[in-house]
Structure formats: C-alpha cells, structure tokens
Amino acid sequence: MIPWLCTIPLLLLQPAAAPLPVVDAKDLPPAARGPLAPRAPDRGVDGSMLSTMRHRARQAGLPALQLPTGSVRVKDKVPDISGWRAYAIEVPAGESVRVQVVEGRRAWFRVLGVNAWGELEEGLLQNRIPSGEPRASYKNPKRETRTIYFIVDTLDANMLGEEFEVEVIRN
C-alpha cells in the first residue's frame, strides 16, 4: 500500500473549525469615541437629493461600537442615511486583526481601516481594488496596544436598514 494513502482518512477525521460566536450589534457597547470621517471618496454619490443628505451626514465624526476581545461575527444593519458603521477594536502589540463583510449584499459594501483621525497608518491594509470582497486588516507594528476603527461603508445612497454580517478574525 502507498504510505501517503494512509494519511487521507486521518485528514478527513480532523474536526472542523468551531464557528465564531455571533453577536448582535445592538448588544455591543458604544466605544469611548469614534474616528473622524475618513477622506475616502464616497462611492454612493449620484447627484440626487438623497446623496446630498448622505454627504451632509458624513461630515461629522462617526460614533463607533466597541468590539469584544477574541474573534467574533457581528450581525448588523446600516443604521442611518450616512451609510456607514464604525467599530472600535483594541489591537495589542504585534497582533493582527482582519474584518470582512461575509453576509448580505457583499459587493455593495467596502471596509475601511483607519486610526482615530480617520487616516491610514502603518500596519493598515485596505482592499482598494473592487473585487466584491469587502475587507481590511491591521497588524500592529507598535510596542503598545492601539485602537483601530473599521468602517463598513455602503456603495449606494439608498441602503438604510440593509442587513449584513461582519467577521472579525484576530491572530
């Protein structure tokens, strides 16, 4: 018998990865502060009255929800006309986190990772090529814990109440 064929049954018997705990966004506490609005272009603008209202709603800072420690899956919906939702996460030195929209109309969302000033910083990686995979990640290169904000943004002006799920994977 060929030795490598003996390993196939062992590979099939390995337990599947445990599913992530699911948290409803309404159960998450508000963060102490949210980020300033990022300077990223708004892809949901189409010149209508609705997009003008959306633009005005995006001028202020964003309130954020505090994500728990550990990997988690968050069920949420677009809360208001601004079309985005911010999540704050504490990332210890040397650790990394990836945030990705996994349920809902994924191609209609994007994920931005920013610091408290709404800007990119060392360690943040954005998925800038529209691929239908809305995700961003951060690897903390500093020696102290950093608070990073992930913003789930909509690509259409009329997505108020649109449901989605976000996976937060810590390494």
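The values are calculated or read from the model by the stated rules, or taken from the named source; none is laboratory data. From a predicted model like this one, the values you see are computed outputs, not experimental measurements. Because the Cβ atoms are built from the backbone with ideal geometry, glycine has one as well, and the counts that use them run over all protein chains shown. Heavy atoms of the whole protein, side chains included, go into the accessibility calculation; ligands, DNA and RNA do not. Shrake-Rupley method; radii C 1.70, N 1.55, O 1.52, S 1.80 Å.
Would it be correct to say that Arg106 is basic (Lys, Arg), buried (at least 16 other Cβ atoms within 10 Å of the Cβ) and modelled with pLDDT under 95? Steps first, answer last, please.
Working: basic (Lys, Arg): yes; buried (at least 16 other Cβ atoms within 10 Å of the Cβ): yes; modelled with pLDDT under 95: yes.
Taking the combined requirement at face value, the residue satisfies it.
So Leu12 fits all but one of (1) closer than 30 Å to Arg143 by Cβ; (2) modelled with pLDDT under 95; what number is the exception?
In the conditions (1) closer than 30 Å to Arg143 by Cβ; (2) modelled with pLDDT under 95, Leu12 misses (1) alone.
Name the strands (runs of 3 or more DSSP E) wholly inside the range 67-111 in which the number of residues that are hydrophobic (A, V, I, L, M, F, W, C) is 3 or more. Talk me through it step by step, then tell me what you get.
Details: elements: 72-77, 84-91, 96-103.
Once the strands (runs of 3 or more DSSP E) in the range 67-111 are filtered for at least 3 residues that are hydrophobic (A, V, I, L, M, F, W, C), what remains is 84-91, 96-103.
What tally of residues in the range 155-171 results from selecting those that are over 21 Å from Ala25 (Cα atoms) and exposed (fewer than 14 other Cβ atoms within 10 Å of the Cβ)?
Filtering the range 155-171 down to residues over 21 Å from Ala25 (Cα atoms) leaves 156-157, 171.
Narrowing the set further to residues that are exposed (fewer than 14 other Cβ atoms within 10 Å of the Cβ) leaves 171.
Of the residues in that region, 1 qualify.
Any residue at all in the range 134-154 that's among the acidic types (Asp, Glu) and either surrounded by 20 or more Cβ atoms within 10 Å (Cβ to Cβ) or touching a Gly at 6+ places or on another chain (Cβ under 9 Å) (or both)? Before you say what the answer is, go through the steps one by one.
Of the residues in the range 134-154, the ones among the acidic types (Asp, Glu) are 144, 153.
From what is left, the residues that are either surrounded by 20 or more Cβ atoms within 10 Å (Cβ to Cβ) or touching a Gly at 6+ places or on another chain (Cβ under 9 Å) (or both) are 153.
Within the range 134-154, one or more residues are among the acidic types (Asp, Glu) and either surrounded by 20 or more Cβ atoms within 10 Å (Cβ to Cβ) or touching a Gly at 6+ places or on another chain (Cβ under 9 Å) (or both).
Are any residues in the range 38-54 assigned to a loop (DSSP other than H, G, I, E, B), more than 28 Å from Ser71 (Cβ to Cβ) and open to solvent by 20 Å² or more (accessible area, probe 1.4 Å), and if so, which ones? Break it down stepwise before answering.
Our first condition is that a residue be assigned to a loop (DSSP other than H, G, I, E, B); within the range 38-54, this holds for 38-48.
Going one step further and asking which of them are more than 28 Å from Ser71 (Cβ to Cβ), we end up with 39, 41-48.
Selection gives Arg39, Pro41, Asp42, Arg43, Val45, Asp46, Gly47, Ser48.
Could we say that Leu125 is within 15 Å of the chain's Cα centre (by Cα) and assigned to a loop (DSSP other than H, G, I, E, B) here? Before the answer, list the steps.
Numbers: within 15 Å of the chain's Cα centre (by Cα): yes; assigned to a loop (DSSP other than H, G, I, E, B): no.
When the stated conditions are applied, Leu125 does not pass them.
With the structure loaded, tell me whether Ala32 is modelled with pLDDT of 90 or more, open to solvent by 90 Å² or more (accessible area, probe 1.4 Å), part of a loop (DSSP other than H, G, I, E, B) and closer than 24 Å to Trp117 by Cα or whether it fails that test.
Details: modelled with pLDDT of 90 or more: yes; open to solvent by 90 Å² or more (accessible area, probe 1.4 Å): yes; part of a loop (DSSP other than H, G, I, E, B): yes; closer than 24 Å to Trp117 by Cα: yes.
Yes; evaluated as a whole, the condition is true for this residue.
Residue-wise test of (1) of a type in the set (Asp, Glu); (2) in contact with a Phe, Trp or Tyr (Cβ under 8 Å, 6 or more places away or on another chain); (3) without any contact (Cβ under 8 Å) to a residue 60 or more places away in the chain.
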position	(1), (2), (3)
Ala88	no, yes, no
Val114	no, yes, no
Glu119	yes, no, no
Glu122	yes, no, yes
Thr145	no, no, yes
Phe150	no, yes, no
Met159	no, yes, no
Phe164	no, yes, no
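I'd like to verify a number: residues in the range 55-93 that are open to solvent by less than 40 Å² (accessible area, probe 1.4 Å) and closer than 24 Å to Ile169 by Cβ, how many?
Initial filter on the range 55-93 (open to solvent by less than 40 Å² (accessible area, probe 1.4 Å)): 58, 62, 64-65, 67, 70-72, 74, 76, 78, 82-84, 86-89, 91.
So of that shortlist, the ones also closer than 24 Å to Ile169 by Cβ come out as 62, 64-65, 67, 70-72, 74, 76, 78, 84, 86-89, 91.
The total comes to 16.
Specify the residue that is farthest from the chain's Cα centre (by Cα); the eligible residues are those in the range 132-171 that are part of a strand (DSSP E or B) and acidic (Asp, Glu). Working first, answer last.
We begin by selecting, within the range 132-171, every residue part of a strand (DSSP E or B); these are 135-139, 146-154, 163-170.
Next cut, acidic (Asp, Glu) only: 153, 163, 165, 167.
Values: Asp153: 9, Glu163: 14, Glu165: 9, Glu167: 7 Å.
The selected residue is Glu163.
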